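So the structure is just underneath, and the comments pick up after that.
The values are calculated or read from the model by the stated rules, or taken from the named source; none is laboratory data. These numbers come from a predicted model, not from an experiment. Virtual Cβ from ideal backbone geometry, glycine too; neighbours counted across all protein chains shown. Just so you know, the surface numbers come from the protein's heavy atoms only, side chains and all, with ligands and any DNA or RNA stripped out. Shrake-Rupley method; radii C 1.70, N 1.55, O 1.52, S 1.80 Å.
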Amino acid sequence: MSSVFRRGLVFGLIACTAASVYAPDVAEAQTSLKVIVFPTLSNLSLFAAQKEGYFSKRGIAVEIQNTPNSEVLRTGLSKGEYHIAHAAVDNAVDMADVGKVDIAIIMGGDGGLNELIVQQDIKSYDDLRGKTVVVDAPDTAYALLLYKMLEIKGLKKGDYVVKPVGGSFRRYEVMVQDNNNAASMLNPPFSIRAVKDGLKSLGSSVDVTGPYQAGGAFVLRTWGKANADTVVKYIQANVEGLRWAMNPAKKAEVITMISERLKLPEDIATASYEMAIDPHKGFAKDAKFDMEGFRNALELRAETLRTPGTDPSKPEKYLDLSYYQRAITGL
């Protein structure tokens, strides 16, 4: 694939959902929500809920804005520029423990879509010794997962160089452009795209590190309390969207939707769909929060960063799943 096409793909992904409000949501909307996300497959429930009108029937219009990196996402949410964020929930933990922002995780999503993608000349984990690994930010989410994965396989921090470059789409781009960027944790569609472009996978993160609560949604706690009914309706629409997307009878429609929303060729969209429906590594049923995976994420953060305030024994500090419970009860 030409560099021009690759760059067009990335810029297209950055722009394709920015300020994107589907007409069915706008027509009957009473409440507008700004939602910030990374442009990845993790937004499947959002895409489906927009397409099928699950937001609009609840009087909600959702505007999806892409973020270039986790710092922009966290800062934007903390300043109230966005109402809801969808990303690895470790970002919410960082906001609470480092930024001292009163945050609440309201639903889960996925936990096993990340793969360690490497250059073709990397034959084993040990080959990464002295090489550069690229991350979003060096102290959150999938960077920590990468460090743990490498540690389990015998590499300690200091055995490799950490280079922050931004979100999954950007990490994919710099790896394809420069083989000195030896490895990164990527999720679909970029993990799939990378392999198609000649890179290779050393495997799924959860196969090495165990359960991990990755993608989820979180809000400012005060905003959530002030807009509780809207939060419940928002979760219900996401759950309905995910149920629709996971229905085997809708496979062709879902693949087309993925292709259109993420600007992907059909083969990449199909491979992304197959990862999404994987019963072990795909999306959690009804976007249920994985408490075991979250405890593991907290332990990983406490172990890797030794951040004051992170307490793996008290995940409730970061959660308010009452909205989710109300949402499921009401469906």
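A single entry from GLY166, GLY158 fulfils the requirement of being at positive phi and either without any contact (Cβ under 8 Å) to a residue 60 or more places away in the chain or open to solvent by 10 Å² or more (accessible area, probe 1.4 Å) (or both): GLY158. Scanning region 276-329 for residues that are touching a Lys or Arg at 6+ places or on another chain (Cβ under 9 Å) and over 22 Å from THR209 (Cα atoms) returns ASP286, GLY309, ASP320, TYR324, ALA327, ILE328. LEU264 satisfies every condition listed in (1) open to solvent by 30 Å² or more (accessible area, probe 1.4 Å); (2) over 28 Å from ALA104 (Cα atoms); (3) not in a helix (DSSP H, G or I) except (1).
Those residues that are among the polar types (S, T, N, Q) and either surrounded by fewer than 16 Cβ atoms within 10 Å (Cβ to Cβ) or modelled with pLDDT of 90 or more (or both), I need them from region 274-306; list them, please.
Of all residues in region 274-306, those among the polar types (S, T, N, Q) come to 296, 304.
Once the filter is applied, which keeps residues that are among the polar types (S, T, N, Q) and either surrounded by fewer than 16 Cβ atoms within 10 Å (Cβ to Cβ) or modelled with pLDDT of 90 or more (or both), region 274-306 yields only ASN296.
Looking only at residues in region 57-74 that are among the aliphatic types (A, V, I, L, M) and in a helix (DSSP H, G or I), the one that is most open to solvent (accessible area, probe 1.4 Å) is VAL72.
Kindly indicate the residue of region 215-260 that is among the hydroxyl-bearing types (Ser, Thr, Tyr) and in contact with a Leu (Cβ under 8 Å, 6 or more places away or on another chain) and also surrounded by the most Cβ atoms within 10 Å (Cβ to Cβ) among those meeting that condition.
Narrowing region 215-260 to residues among the hydroxyl-bearing types (Ser, Thr, Tyr): 222, 230, 234, 256, 259.
Now narrow it down to the ones that are in contact with a Leu (Cβ under 8 Å, 6 or more places away or on another chain): 230, 234.
Numbers: THR230: 20, TYR234: 29.
Here the answer is TYR234.
Considering (1) part of a helix (DSSP H, G or I); (2) farther than 30 Å from ASP97 by Cα, the lone condition that GLY198 does not fulfil carries the number (1).
Here's the yes/no breakdown for (1) among the basic types (Lys, Arg); (2) outside any strand (DSSP E or B); (3) at pLDDT 95 or above:
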residue	(1), (2), (3)
ARG171	yes, yes, yes
SER191	no, yes, yes
VAL206	no, yes, no
PRO211	no, yes, no
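Here ALA327 does not fit the description of being in a helix (DSSP H, G or I), under 18 Å from the mean Cα position of the chain (by Cα) and surrounded by 16 or more Cβ atoms within 10 Å (Cβ to Cβ).
Do we have any residue at all in region 75-94 that's open to solvent by 10 Å² or more (accessible area, probe 1.4 Å), at pLDDT 95 or above and of a type in the set (Val, Ile, Thr)? The answer is yes; a qualifying residue exists.
For first residues located in region 52-73 and on the phi > 0 side of the Ramachandran plot, partners that are modelled with pLDDT of 95 or more and lie 6+ apart or on another chain with Cβ distances below 7 Å form the pairs GLY59/THR31.
Please specify each residue of region 112-131 satisfying the condition of being open to solvent by less than 30 Å² (accessible area, probe 1.4 Å) and touching a strand residue (DSSP E or B) at 6+ places or on another chain (Cβ under 7 Å). It would help to see each step written out before you state the result.
Going residue by residue through region 112-131, those that are open to solvent by less than 30 Å² (accessible area, probe 1.4 Å) are 112-114, 116-119, 122, 128.
Answer for region 112-131, where residues must be open to solvent by less than 30 Å² (accessible area, probe 1.4 Å) and touching a strand residue (DSSP E or B) at 6+ places or on another chain (Cβ under 7 Å): GLY112, ASN114, LEU116, ILE117, VAL118, GLN119, ILE122, LEU128.
Only one of the numbered conditions (1) farther than 30 Å from THR31 by Cα; (2) not in a helix (DSSP H, G or I) is violated by PHE289, and that is (1). Taking each residue of region 135-155 that is at positive phi and free of Cβ contacts under 8 Å to residues at least 12 places away in the same chain and looking for partners that are hydroxyl-bearing (Ser, Thr, Tyr) and open to solvent by 10 Å² or more (accessible area, probe 1.4 Å) with beta-carbon atoms closer than 9 Å, six or more apart or interchain, yields nothing.
THR132 versus (1) closer than 26 Å to PRO315 by Cβ; (2) more than 15 Å from the chain's Cα centre (by Cα): which is the lone unmet condition? Of the numbered conditions (1) closer than 26 Å to PRO315 by Cβ; (2) more than 15 Å from the chain's Cα centre (by Cα), the odd one out for THR132 is (1).
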